[in-house]
Each structure stands twice: as C-alpha cells, then as structure tokens.
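The structure appears right after this line, and notes come after that.
The values are calculated or read from the model by the stated rules, or taken from the named source; none is laboratory data. What you see is a predicted model; the values in this text were computed from it and never measured. Positions of Cβ are generated from backbone atoms using ideal geometry, with glycine treated the same way; all protein chains shown enter the neighbour counts. Each accessible area value is taken on the protein alone, full model and side chains, heavy atoms only, with ligands, DNA and RNA left out. Shrake-Rupley method; radii C 1.70, N 1.55, O 1.52, S 1.80 Å.
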Amino acid sequence: MAEIPKEWAIAKQTFQKIWGYEDLRPSQREVVFNLLRGQDSLAIMATGGGKSICFQLPALLDTGLTLVISPLLALMEDQVQDLRSRNLPAACLHSNQSQTERRCILQNLAKIRLLYISPETLLSPPVWERLCDRNLKITGLMLDEAHCLVQWGDSFRPSYRRLGAVRSALMAHKPSDHPHIALAAFTATADRQTTVELQTCLQLENPQIVRTSPHRPNLNLQIAIAWTPAGRKSRLLKFIGDRQGQSGLIYVRSRRDAEMLATWLQENSFKTAAYHAGLPPQERRYMEQQWLTNQYPFVICTSAFGLGINKPDTRWVCHFHPPLTLSEYIQEIGRAGRDDKPAEALMLVSEPTGLLDDSDRQRVNFFLQQQQKIQQQAFTILSKLPRQGKFAEISRLHPDAAIALGLMHRVGYLTWHTPFDYEIHNLPKQLSDLKIKCEDQTAIAKMQAYTRLKGNRWAFLLDNFGFEEESKLLLESRS
C-alpha cells in the first residue's frame, strides 16, 4: 500500500457522511489513494466490490469535473439517481434527452462533479466542443465496465477504440496550469490479454493495477447436460420450481430467445419478463424495479442485464444457454450471492456430440461467422480509405468505416492522434495478405473447455483470470 495521502482524513469523513460505512475496503482505499494523487489506475474488482465509490469519492473531493464513461443508459441513470438522492452534483448526458435538457447540462458543467456519458456522446461535436473549453476544469476520466472496450470495441461500439486519445486531446485545449487528468478503468473481469489491451488502448501511464479475486466460496458452480431441447426446458422448470420464493436470473444468448422463453414460462404460470437492449428504456427500468422489489422472482435476460445492478439476496443464476466467454460467465454469475450466503450458478449445455441437439454449437458458429463477415466488410472498406484522415469526413463517405478503423486499431495497424484524426501504417502492400487472428476463437475454446471440465471449477476460473497461486491452493485444499 502506498503512503496515505494527507487528504485521506477528509476523504474518510466524506465517505462516512455520504455512504454511511465506517471505512472502505483495502482495494477501494488503494484506488482512491491513486486517484487522489492523480495517478492512473486499472481496477479489476469482483462484482459487488464497490467499484463506483472508487471514482465517485475522489470526484466529490475535487473542484473539477470527472467524466464517467459508461456503456449503458440504464447504468448511467441508476448511478446518477443514487448520487442525486444523496444531494450530490451528478448528471448524465444521452441521446434520449431533449435538446433543451442537454443544453442545460452542458451550460452548467462547472457546477457538476460527475458527468456520466457514453463514448458516442462524449465524442459528439457539441459535447466535445464544450469539454474543450479552456476554462472548464476536468480532473478525471473514468471508464466504467471497461471490459466492454474489448468485448464490444471492434464492431458493436467502435467509439471505444478512440478513447485512448481523449486525455491528450483535452489537455491540448487546457491552459498550462491545468492539472493532469487522471485516467482509470474499472471492470470485474479481465484476463491477462484483456489487462494488456486495456492498458495499451487507453494509453494508461504507469497505472497502478489493483486486483481482487473473483472467488466466491459461497457460490456453487454447476453444469448439467441437456440432451434435447425439451430436456433443457425440463431441467430449467425443475431448477426454478425447486427454488420458488428465491430471487434469480436466467441468461440466454439473444433477444429472440429471451422473448420466447419468457412467453413459455408465463404460460407455465411463472411471473416473469424478457429483458434485452432492444426494449425502450422505460420498460427496462420497470422490469428492473419489478425484480429488485421481488415482484418478479426472476427475469429472462441477455447480457444487457445486470451491469451496475446490485441485489445482494439473488440466490441463483441459470445460464439457459452457455455464454461465449469466461469473462461473460464470471460477470453474470457474479450477480448471485453478494450477501455471502449460499447461492447457485447452473449452466445448461448440449450433449458433447451434438447429435441430439447441436444448438449450442450453432450459436457459437453463428457468432464466428458474423465476426468473419464483419472482418471481410472491413477489408473491403479499408481499400477505399486514405491512410490519414478525419473520422467525421470518412464516416460521411463510408458509414461502416468506424468498424474498419476500430479493427485496424485493435491489431496495431492504426493510431488515433486525436479521437478524430487517424493514421493507418505498416499495412502489407496486398490487403489480401492481411491476416487477423480471431481472439474470439481462443476465448470461446476456453469456455468450451470449462463446460467439459471434470475438476474444480473455481480453480479453473482463478487460473484463467491470473490468480494462479489461489488456484493452486484451492486444488491442494480439495485434494
């Protein structure tokens, strides 16, 4: 632990006054210390570990603005609502707000300590112009749920790939006496590869890496083979039927799957609903509240559900379909058992041969085919792009250029000089010679190895997420 800064006494008093707890956890204190000193951080802290307080507390102790880059509108609104309920100066900017509301927030940024914003809104012209105002003091740039950069940054949310150039571009517009902008990334899951990619993409400067183990001894991990589609539904019915009165979550792979399964369970007299990113924000908020207040014992959801939502008495999580990667899996099972009481995580998988039901294999193949299609489209666009250019101009000419640029950035062929100016370099003379390793295949292979595992599941997960010693100790204790 680094030397305790003199501001800590004030920080502790503020923490006690606002949040009502006696003290922060050791991992939280370490991140807060780093940010109070203006140092970059990468915080990999298990779900329920209190990541938000790590950047909220330093922001409230400073006189400048802290930008919190967040992936989901629901997550932003929930955190801002909580902060405002504590009479704290926070706001969020998003596309669902009226022009008048957005203009009002932008005009009053000097009075706000925490501004929650998506990557896309951050880089929109009116917002960026206001943030570059030399008189606006910005002290922090926080990336919440940072794994989304790696998970979504190539195709779904290519704006994430431009975030590494944000700090230097903002500093270039500020006066010489403007304080250094601290940059920190927060996530519950980051394996070795993700950790390196986050540091590189975000251009973190000598970051302090704070990691806590994802191990939850109270969370029992189970995998059950579903021999047929009917058998999968039968296993689910028995599982939730045996746990009536307990709060849980059922994860599926797609919006269509969520709606079909919810309809089927409703027909079987279960009070539930389908939650996915395609629903209007108001409907998603309603479902979350119904679940949080136990009006819905469980909801059927895609990976869009759960980020930032805390329900400590969640007793079980069921993966009706296997997630694609271990990162998704550990994020989602982490919703259960946050109160340290016994909880369960069940994953249903197709039988290994796929002869009776190969739906799991079909889902994986479909995803990989889509990724390959995106790469092929990117190569087609790439041949039309100048080697140096401005993002706005290129995007007007080629609407899908963002994906091509994001992909080139991931594999090291592109540099963002600012979030709006790029340079492509070191490309082979023939684009047909350009080979891009599909990292998704490696991640999927690890997930599939986990589903076939006969040994200790927690030990396997800990080893994959860089906690090798804890994994060994766990195996030794069980032998």
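Observations
- Nearest-20 debye value, the chain charge dipole, Cβ charges on Lys, Arg, Asp, Glu: 400
- Per residue value of the accessible surface for the chain (all protein chains in place, 1.4 Å probe), Å²: 46
- With the cut-off at under 19 Å, measuring from each backbone N in segment 394-420 to a point 7 Å along the Cα-to-Cβ line of GLN441 picks out 407-408, 410-412.
- Phi to ³J(HN,Hα) by Karplus 6.51 cos²θ - 1.76 cosθ + 1.60 over segment 309-326, Hz, x for Gly, Pro: 8, 10, 10, x, 8, 5, 8, 7, 10, 10, 8, 5, 10, x, x, 6, 10, 5
- Dipole of the chain, positive end: most advanced residue of GLN266, ILE330, LEU292 [Cβ charges, Cα centre]: GLN266
- Relative contact order %, segment 84-181, counting alpha carbon pairs below 8 Å whose residues are six or more apart: 25
- Straight-distance crosslink candidates among lysines, where the alpha carbon sits under 21 Å from LYS12 and sequence neighbours closer than 8 are dropped: LYS51
- Segment 7-135: C-alpha gyration tensor shape, a/c 1.5 cut-off, then a/b vs b/c: prolate
- Distance between segment 329-381 and segment 108-138 - C-alpha centres, whole angstrom: 36
- Per-residue HN-Hα couplings for segment 366-377 [Karplus 6.51, -1.76, 1.60; θ = phi - 60°; Hz; x = Gly/Pro]: 4, 4, 5, 5, 5, 5, 5, 5, 4, 5, 5, 5
- Solvent-free Debye calculation, one equal scatterer per alpha-carbon of segment 192-250: log10 I(q)/I(0) at 0.16, 0.21, 0.28 Å⁻¹ equals -0.74, -0.90, -1.23.
- For the chain, share of DSSP beta bridges that run antiparallel, in % to the nearest 5: 15
- For segment 372-434: rounded, prolate or oblate by the Cα gyration tensor [a/c cutoff 1.5]: oblate
- Pairs beyond 30 Å (Cα-Cα), from LYS390/LYS446; LYS271/LYS373; LYS341/LYS454; LYS17/LYS271; LYS111/LYS311: LYS390/LYS446; LYS271/LYS373; LYS17/LYS271; LYS111/LYS311
- Percent RCO, i.e. relative contact order, over the chain, from Cα pairs under 8 Å lying at least 6 residues apart: 15
- Charging the Cβ of each Asp and Glu at -1 and of each Lys and Arg at +1, and nothing else, the dipole of segment 290-403 about its Cα centre rounds to 620 debye.
- With the charge dipole of segment 158-218 set up from +1 on Lys and Arg Cβ and -1 on Asp and Glu Cβ about the Cα centre, the Cα lying farthest toward the positive end among the listed residues GLN203, THR189, ALA172 is that of THR189.
- Value at 222 nm in deg cm²/dmol, rounded to 500, when DSSP H runs of n ≥ 4 in the chain each add -39,500 (n - 2.57): -13000 deg cm²/dmol
- Carbon + sulfur, % of accessible area of the chain - ligands and nucleic acids excluded, 1.4 Å: 50
- A simple rule links phi to the HN-Hα coupling: the Karplus curve 6.51 cos²θ - 1.76 cosθ + 1.60 with θ = phi - 60°, which for segment 219-233 gives 9, 8, 9, 10, 10, 10, 7, 9, 6, 9, x, 5, x, 5, 5 Hz, with x for Gly and Pro.
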